[in-house]
Amino acid sequence: MNKQATELIASLSRADFGDDFRWGCSTSSFQIEGAVDAAGRVPSIWDTFCKKPGAIRDGSDASVACDHFHLWPQDLDLGQSIGLNAYRFSIAWPRIFSARGAAPNEEGLAFYSDLVDGMLARGIEPWITLYHWDLPQYLQEQGGWTNRDTVSAFVEYADVVTRRLGDRVKHWITHNEPWCTAMHGNLDGMHAPGLRDVPTALQVCHNVLVSHGLAVPVIRANVPGAQVGIALSLHPIKAASDAALDLAAVERHDAFRNRWFLDPLYGHGYPQAPLDYLGTNAPNVEAGDMQAIAAPTDFLGVNYYFPEVVRDDPDGGFLRTSVILPDGRERTDFGWEVAPGCLTELMARIARDYRPAAMYVTENGSCYDDHVGADGSIDDRGRRDYLVRHLAAVRTAQQQGVPVKGYFAWSLLDNFEWSEGYLRRFGLAYVDFDTQRRTLKLSGQWYRDFLLAGH
Ligand code: IFM
């Protein structure tokens, strides 16, 4: 057991975080729902991508996943048993609109309406993400996020969903991790739709941000008392060495990885340096776009997993940087560095540079290769320690005056981890994908005991 974690377990208390702190878990529609053909759902870009040979490492797809579409009552019971007071999930756009211009699908809306009622009945506050990567395939066929009509389609989708659920759901996240939507989807091809093209990736990124900005006032108009935000994947960037070239590489990498999103969202426009070296690859920005992107929000969602270490590299793409994996660092079984202090540092920096009214850790979690013991238990103390240490990092940020008001662990359940298929487990509950049995791991039991003890 990690010595630091042992000491933290003894000293950390839920009460320290304040009475109105949100204690949650996060999930996303495509990763858990399954039932891809049920109740009028049409294919998403991820259903298509999964069919591409070699796209998913274990050759799997999410047609069943955790079968949450059918098993949601027991999943909400699980969340309630852990003591969650909030739960972040996403809506599958292909369940709501079956074609461009079609009427909203009542069966899809009813599914989410029942899910929301199920949360409220269990004392769990629903937090909705509108876009967690499952774009309807019919929109990709007209150019996906490169087509401005997809921006309009998103705003219409946000309008319909918030009209229907806004009487009960007050917390709305427009997009999850636009960096991944744009760059994994269109630059490195790791995610759907699997493209590798710099201008496409940059235009997707811009249009996604515009769609966020245009949706914000629509959500506010439909939802009395709405709290609206966006969830960004953010990484503190560290230099591979003290060499001046590597320090400059940090600036370039950070400007694109983090500031490319934070700066325009908080009204500063895109950082100039990346615009300069992007040259003709820079996105087409229409009049009014930057004002739209800077629509005031109520909170920032911070998805934090690990820092990145970079070095100067003339062959390292348009950023001329390479991400390296230094030896001797503590890592999860996915190879991601474990660096809780970087979460404190990241939130303090955001508070200082952008002054969001509130911040929530909307995702944080770890992937370890779990083993089911002879007695059926899962002793995932690596994940438990990761959780404890990152909660302590959040508390430290709070003590420094950072307005962090909630923590959502990724994830409630093991699920479909995108291009890794089912090879990577992040859940606080273990899912046996043959039987769909859920078993709370040691980490989930610790979270439960921590939450219930302080209540
Ligand atoms: O599973 C993903 C999630 O969908 C988005 N954020 C990172 C998680 C772990 O990779």
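The values are calculated or read from the model by the stated rules, or taken from the named source; none is laboratory data. Predicted, not measured: the structure shown is a model, and the values here were computed from it. Here the Cβ is made from the backbone with ideal geometry for all residues, glycine too, and neighbour counts use every protein chain on show. We work out accessible area using only protein heavy atoms, side chains counted, and drop any ligands, DNA or RNA first. Shrake-Rupley method; radii C 1.70, N 1.55, O 1.52, S 1.80 Å.
Some observations on this one:
- Span-like helix criteria (full DSSP H runs; alpha carbon extent of at least 30 Å along the helix axis; mean Kyte-Doolittle hydropathy of at least -1.0) are satisfied in the chain by 198-222.
- Rel. contact order, % - alpha carbon contacts under 8 angstrom, at least six apart, segment 260-377: 28 percent
- DSSP-defined beta bridges in the chain - what % are antiparallel, rounded to 5: 25 percent
- Accessible area per residue for the chain, computed on protein heavy atoms with a 1.4 Å probe, is 36 Å².
- Using all pairs of distinct alpha-carbon atoms, the Kirkwood hydrodynamic radius of segment 269-384 works out to 18.2 angstrom.
- Dipole-positive endmost among Val309, Ala255, Thr362 within segment 247-370 (Cβ charges, Cα centre): Ala255
- Averaging the sequence gap over all C-alpha pairs within less than 8 Å and six or more residues apart, then dividing by the number of residues, gives the chain a relative contact order of 19 percent.
- Exposure rank, largest accessible area first [Ser13, Ser211; 1.4 Å]: Ser13, Ser211
- Computed from the Kirkwood radius of its Cα pairs, the Stokes-Einstein diffusion coefficient for the chain at 10 °C and 1.306 mPa s stands at 71 µm²/s.
- Considering only beta bridges that DSSP places wholly inside segment 1-148, some 10 percent are antiparallel.
- Carbon and sulfur %, accessible surface of segment 197-251 computed with the full protein complex present, 1.4 Å: 62 percent
- 222 nm mean residue ellipticity, helices alone, for the chain (DSSP H n ≥ 4; -39,500 (n - 2.57); rounded to 500): -11500 deg cm²/dmol
- Shape call, segment 291-353: gyration tensor on alpha carbons, a/c limit 1.5: oblate
- List Glu420, Glu141, ordered by accessible area with a 1.4 Å probe, largest first: Glu141, Glu420
- Segment 99-180 - percent relative contact order, Cα under 8 Å, separation 6 or more: 48 percent
- Global form of segment 47-114, assessed from the alpha-carbon gyration tensor, a/c cut-off 1.5: oblate
- Shape category assigned to segment 366-440 from the gyration tensor of Cα positions, a/c cut at 1.5: prolate
- Solvent-accessible area assigned to carbon and sulfur over segment 399-439 amounts to 39 percent, based on a 1.4 Å probe.
- Think of each Lys and Arg Cβ as +1 and each Asp and Glu Cβ as -1; about the Cα centre, that makes the dipole of the chain roughly 760 debye.
- Element breakdown for segment 27-97 at a 1.4 angstrom probe: carbon and sulfur atoms account for 56% of the accessible area.
- Protection proxy ranking of 217-230, 345-358, by the mean of other Cβ atoms within 10 Å over each peptide's residues and highest first, is 217-230, 345-358.
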